[in-house]
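To keep things clear, I will list the structure first and then write my remarks on it.
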Amino acid sequence: MKDAVIAELVQHAADELRHAEMITSRIVQLGGVLLQDPREWFKWSSCGYEAPSDSYVRSILEQNIRGEQCAITVYNQLIQEVGFKDPVTYNLVVQILQDEVMHEEDLQALLEDLSALTRK
């Protein structure tokens, strides 16, 4: 299972980088100012960052599922706030939300597979 989880998380990381690029481009398009200091990112983050404290596959999956669930909540809130006032931002957030839901489902499926293997 470890290799499958690694492959999934590598793909998710690429998607998250793409999301960050989409969001930063939109902030600039709207005339916003990007945070330049990474320490500021943690202050403004809705979900924070949970550093891995256990390298066991189940723990990594559970931690990443929590992160995806938080992201889903945040993007749902953004959709409610933006509504149709800004269709470009609305569509961007919907795209990202779809990815986050797929990520959470993929990780849940891996966790279920792991649980099935460990019951035997």
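Values for this structure:
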| quantity | calculated |
| --- | --- |
| Integer Hz, Karplus 6.51/-1.76/1.60 couplings in order for the stretch 13-22, x for Gly and Pro | 4, 5, 5, 5, 5, 4, 4, 4, 5, 4 |
| The chain: relative contact order in percent, alpha carbon pairs under 8 Å with at least 6 residues between | 31 |
| Residues listed by number, the stretch 79-94, amide nitrogen under 12 Å from Leu34 label point at 7 Å toward C-beta | none |
| Burial ordering of Thr118, Thr24, fewest other beta-carbon atoms within 10 Å first | Thr118, Thr24 |
| Dipole magnitude (debye, nearest 20) for the stretch 2-119, charges at Cβ of Lys, Arg, Asp, Glu | 300 |
| Calculated [θ] (222 nm, deg cm²/dmol) that DSSP helices of n ≥ 4 give over the chain, each run adding -39,500 (n - 2.57) | -27500 deg cm²/dmol |
| Inter-label distance, nm, simple model (7 Å from Cα along the C-beta direction), Asp113/Met22 | 2.5 |
| Two-site label geometry, Val88 and Glu105: point separation in nm, points 7 Å out along Cα→Cβ | 3.0 |
| Cβ-Cβ FRET estimate between Ser46 and Gln11, R0 fixed at 22 Å, reported to 0.05 | 0.45 |
| For the stretch 55-105, projected area of the alpha-carbon convex hull averaged over all directions, nm² | 3.4 |
| Cα-based helix-to-principal-axis angle, 87-119 vs the chain, degrees rounded to 10 | 10 |
| Euclidean distance between Cα centres, the stretch 1-36 to the stretch 54-117, Å | 12 |
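Readers should treat all values here as calculations from the given coordinates under stated rules, not as data from a laboratory. If you're wondering where the values come from, they're calculated on a predicted model, not measured in any experiment. Note that each Cβ is placed from the backbone with ideal geometry, even for glycine, and that neighbours are counted across all protein chains shown.
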